[in-house]
Amino acid sequence: MLERTKKISQIHASLIAGYERDFGKYSGKISAQHIQHVFKQVPTQLAKNIDDSVKRFQFKDVIEKKNRYQELAGPINYLEKCKLVSKCHPIESQPTSPLLALAKENYFKLFFFDIGLLGHMLSITYQEHQQQSFNYKGYISENFVQNEMIAHNHQPTYSWEYARAEIEFVIKAQNGDIIPIEVKSGKRTRAKSLASYVQRYQPAKTLKLIGSTGSLDDPKALVAPLYYAGKIEELIEG
């Protein structure tokens, strides 16, 4: 097993080096160095969340003397077009359709396109992944769900924030209902933010994705394992 994980790590390193070489080849008028700075900052900022919801991407100190969105928009948009990062827009009011109208151009979370490469860039070992012994694992689950949603044509994605309450994702059902999705990396399913959201907006149904087996017995309060992230539409439309 140790030998196999070493080989996988070598493949990951080779892939990252290849992406960084391509920045210089295909970046055009955008500074390849600036793209690389943002590329490396996405995993770093994700890892700052201590088993809590991912926070919005911070522009300060990513590139020297560039602290505003307008100054980083080029590299960020380049990486997004290359599908190496994806955006999730936090909504600070009642989520209503169309969600896009409530999003702010310069206010978003940035997620990495691949969980394996994310772990490699943060030097998280296979053993840590397997044992879930590292402290900051909430963002891994949230990034996984983000990637699954992107893979199923939900782009951009949206979340919800109010005071200290945060819902990792909100999604619009076919009938126009806005469904909150809480993501929990572990077995504990208590969700104060979800309770706050329900009390405030009375959604038609809710969904929790958790790090253990769930229960679909209550059609209005669904609880499913994290690996159901690729079946969110089926769950909320069922």
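The values are calculated or read from the model by the stated rules, or taken from the named source; none is laboratory data. Keep in mind it's a predicted model, so treat the numbers as computed, not measured. For neighbour counting, all protein chains shown are included, and Cβ atoms are generated from backbone atoms with ideal geometry for every residue, glycine included.
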- Hits in region 67-91 (condition: aliphatic (A, V, I, L, M) and assigned to a strand (DSSP E or B)): Val85, Ile91
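Looking at Ser86, Ser14, which one is closer than 25 Å to Ile124 by Cα, in contact with a strand residue (DSSP E or B) (Cβ under 7 Å, 6 or more places away or on another chain) and of a type in the set (S, T, N, Q)?
Just one listed residue meets the conditions, Ser86.
Select from region 62-107 the residues that are among the small types (Gly, Ala, Ser) and over 20 Å from Ile150 (Cα atoms) and write down the one among them that is surrounded by the most Cβ atoms within 10 Å (Cβ to Cβ).
Here the answer is Gly74.
Name the one entry in Gln94, Gln127 that is outside any strand (DSSP E or B), of a type outside the set (Phe, Trp, Tyr) and at pLDDT below 95.
Gln127
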- Is it the case that Ile91 is β-branched (Val, Ile, Thr) and touching a residue at least 40 places away in the same chain (Cβ under 8 Å)? yes
- Message: Among (1) in contact with an Asp or Glu (Cβ under 7 Å, 6 or more places away or on another chain); (2) of a type outside the set (Lys, Arg); (3) modelled with pLDDT under 95; (4) outside any loop (DSSP other than H, G, I, E, B), there is one condition Gly119 misses while meeting the rest; what is its number?
- Response: (1)
- Would you say Ile124 is surrounded by 14 or more Cβ atoms within 10 Å (Cβ to Cβ), under 18 Å from the mean Cα position of the chain (by Cα) and without any contact (Cβ under 8 Å) to a residue 24 or more places away in the chain? yes
- Task: Take the residues in region 223-234 that are over 13 Å from Ile210 (Cβ atoms) and not basic (Lys, Arg), then tell me which one is surrounded by the fewest Cβ atoms within 10 Å (Cβ to Cβ).
- Result: Glu234
- Message: Of all residues being among the acidic types (Asp, Glu) and under 19 Å from the mean Cα position of the chain (by Cα) in region 7-52, which is farthest from Tyr69 (Cα to Cα)? Just the residue, please.
- Response: Asp51
